[in-house]
Amino acid sequence: MLMNQVETALINSPPRRWLQRWYEVPWLRRLGGPLPPDARVLEIGCGPGYGTRLILEQFGAAHVDAIDLDPAMIARARRRLAGHGDRVRLHTGDAADLHTSVGAPDAGYDAVFDFAIVHHIPAWRTALAEIARVLRPGGRFYFDEVTARVLARPTYRALFDHPTTDRFTADDFRAELHRHGLHVGDRWRAPIGGDYLIGVAERR
């Protein structure tokens, strides 16, 4: 589902960019390591393209297909990433249907990145199944997520719009990854009492 105006402003803010660069990316690199040479990557929910740029510059992706449901976000991302040329392709579409949105083939990517977007997807289980489908064996799913625990808090309910049913806990999320052949092992953390989840899963 699309973000409301408050969350859209937050996603486009300097604090959000700071959090991605100095907290999320270092943790994801620590847990999953850099990408292999010539890596082909998919990013779901790319927003204004700042995370996409970090995937290129901090993880060394050779090519990124980036998708977002909001055409306005894609327009922002296109401006931000113009200097990267044909290393980036941007798509407006649904992460729960990557074949239609991106033309994503089975086992077509070395890595998939999720900078806190799966909790916005009503069909989040379908989205994880799609991520597993498009990852090659040995490919990695880098994720950071917001769990049901924090989404239930009054401040979150007042400020942001999220799906109201079938929200996931950290355990729910990891169990669903495992069901689709995405193995996490000990490469995850659930900081702040399980409010958030960050980790890397490998496609078996």
Next item on the list: Check whether at least one residue in region 135-143 is buried (at least 18 other Cβ atoms within 10 Å of the Cβ), touching a strand residue (DSSP E or B) at 6+ places or on another chain (Cβ under 8 Å) and farther than 16 Å from Arg204 by Cβ, and report yes or no.
Entry: yes
Check: Within region 91-128, can you find the residues that are at pLDDT 95 or above, surrounded by fewer than 21 Cβ atoms within 10 Å (Cβ to Cβ) and more than 18 Å from Met1 (Cα to Cα)?
Finding: Asp106, Ala107, Gly108
Notebook entry, point to check: Can you list the strands (runs of 3 or more DSSP E) found entirely within region 36-135 that contain at least 3 residues being of a type outside the set (Val, Ile, Thr) and out of contact with any Lys or Arg (no Cβ under 8 Å at 6 or more places or on another chain)?
Noted result: 40-44, 109-115
Next item on the list: State whether one or more residues within region 134-157 are under 23 Å from Pro36 (Cα atoms), without any contact (Cβ under 8 Å) to a residue 40 or more places away in the chain and either of a type in the set (Ser, Thr, Tyr) or touching a helix residue (DSSP H, G or I) at 6+ places or on another chain (Cβ under 9 Å) (or both).
Entry: no
Notebook entry, point to check: Pick from region 164-182 the residues that are touching a helix residue (DSSP H, G or I) at 6+ places or on another chain (Cβ under 7 Å) and on the phi < 0 side of the Ramachandran plot: which of them is surrounded by the fewest Cβ atoms within 10 Å (Cβ to Cβ)?
Noted result: Thr169
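The values are calculated or read from the model by the stated rules, or taken from the named source; none is laboratory data. Fair warning: this is a prediction, and the values are worked out from it, not measured in the lab. Using ideal geometry, Cβ is built from the backbone for each residue, glycine included, and neighbour counts are taken over all protein chains shown.
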